[in-house]
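Report on one structure; see the data block that follows.
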Amino acid sequence: MAVGFRFRDFVPDETPEKGFDTLFKLFMQLVTITAGDVSEALQWLNELDKQYGLTDDEYGMGDFIEDLKKKGYIDENEQQLGELKITAKSEQLIRKSALEEIFGKLKRGTQGNHRTPHAGQGDELTTDLRDYQFGDTIEQIEMTESLRNAQLNHGLDGNYLLTEGDLEVRDTEHKTQTSTVLMIDISHSMILYGEDRITPAKKVAMALAELVKQKYPKDFLDIIVFGNDAWQIEVKDLPYLQVGPYHTNTVAGLELAMDLLRKRKTANKQIFMITDGKPTCLKEPGGYYKNSFGLDRKVVNKTLNLAAAARRLKIPITTFMIASDPYLQQFVREFTETNQGKAYYSSLKGLGSMIFEDYKRNRRKSL
């Protein structure tokens with residue numbers, strides 16, 4: 001009797017999945033979009049339930065909320081009675097989910113976890129072989145390959161020799177530490193024209209933070225936000241990040257980023273800047289200087305001066321412009337040329353993969 005397979009067209013089940021896992025995936029997305037507001041996220045989830053029938057008589061929205069509490073994902077807000085808040089467990093899971101969604105499915109310095117192009121007497125063995133060089137240790141010599149070379153070079157007669165020229169060693173790689181500052185624009189334009197730009201920026205920041213924590217724990221990653229002013233935030237604050245009624249003080253963001261990097265004793269330093277607009281604001285002794293109409297030469301010159309200062313300190317700035325306005329491209333090109341850094345004109349969809357690739361690429365070269 002022949003055994004085989006029978007193929008037919010796949011007919012998807014039109015009945016939506018129900019239960020905790022399905023609701024939980026949606027809830028985690030919504031709580032990120034609502035900047036950690038559990039009540040608003042649950043209201044949106046209720047609307048989706050009405051439209052798509054996510055619950056049934058056996059498992060309702062009330063059951064889901066109780067399960068969230070029992071499993072430790074939400075808790076009562078002690079400062080505002082009756083309000084719910086996400087827990088540290090949820091914050092960590094949001095970062096891991098962002099990492100999987102975005103990233104998932106160097107000059108020699110202090111020892112770290114990034115491979116650099118500098119080979120030799122390094123920290124980790126590779127799959128590459130090379131000729132023996134003075135200073136290589138005996139443990140690095142690959143005896144099987146070296147003996148094979150001796151046989152090929154000198155034959156198997158009584159004058160069998162193993163010379164220095166026959167020796168091959170297993171190559172090694174140095175690892176290095178890297179210090180990165182991620183700047184996120186939280187000016188009002190990040191939610192203008194009905195486009196939510198802050199949520200993808202938050203997801204990228206959370207994914208990058210989780211990547212560094214898991215794979216490169218010896219690296220330094222600082223995150224700052226900038227509007228009228230600039231300030232540093234912790235990784236745990238990212239899910240709650242919101243856009244404010246701010247202008248774009250790029251100068252304040254760059255000044256803070258460079259101050260943070262000056263304190264780091266690593267050889268490799270870099271700045272990633274996520275923004276969707278031009279600099280429009282400066283802080284002066286008498287208050288704020290603002291001009292949202294066009295490229296203000298006073299603001300632009302101070303921004304370019306900082307780009308040049310970062311270049312002198314060997315701090316490359318990579319700008320991720322998440323807007324397609326041709327009017328801004330000339331400024332971005334001038335800024336990038338002044339710093340000798342890089343610029344990407346990215347859609348929101350491609351932002352995460354580009355930052356990830358650039359982060360890895362900069363680990364492989366001397367900055």
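A few remarks follow.
- For region 20-86, the C-alpha radius of gyration divided by 2.2 N^0.38 Å, with N the number of residues, is 1.07.
- Charge tally for Met28 (other residues, Cβ to Cβ under 12 Å; Lys, Arg +1; Asp, Glu -1): +1.
- At most 16 other Cβ within 10 Å, DSSP loop - trypsin sites (Lys or Arg not before Pro), region 45-102: Lys71
- Listed peptides 39-46, 56-63 by packing density, highest first (mean Cβ within 10 Å): 39-46, 56-63
- Three-way shape call for region 178-364 based on the alpha-carbon gyration tensor, with the a/c threshold at 1.5: rounded
Every number here is computed from the coordinates shown, using simple stated rules; none is lab data. Please read these numbers as outputs of a predicted model, since none were measured by experiment. When we count neighbours, we look across all protein chains shown, and the Cβ atoms used for this are built from the backbone with ideal geometry, even at glycine.
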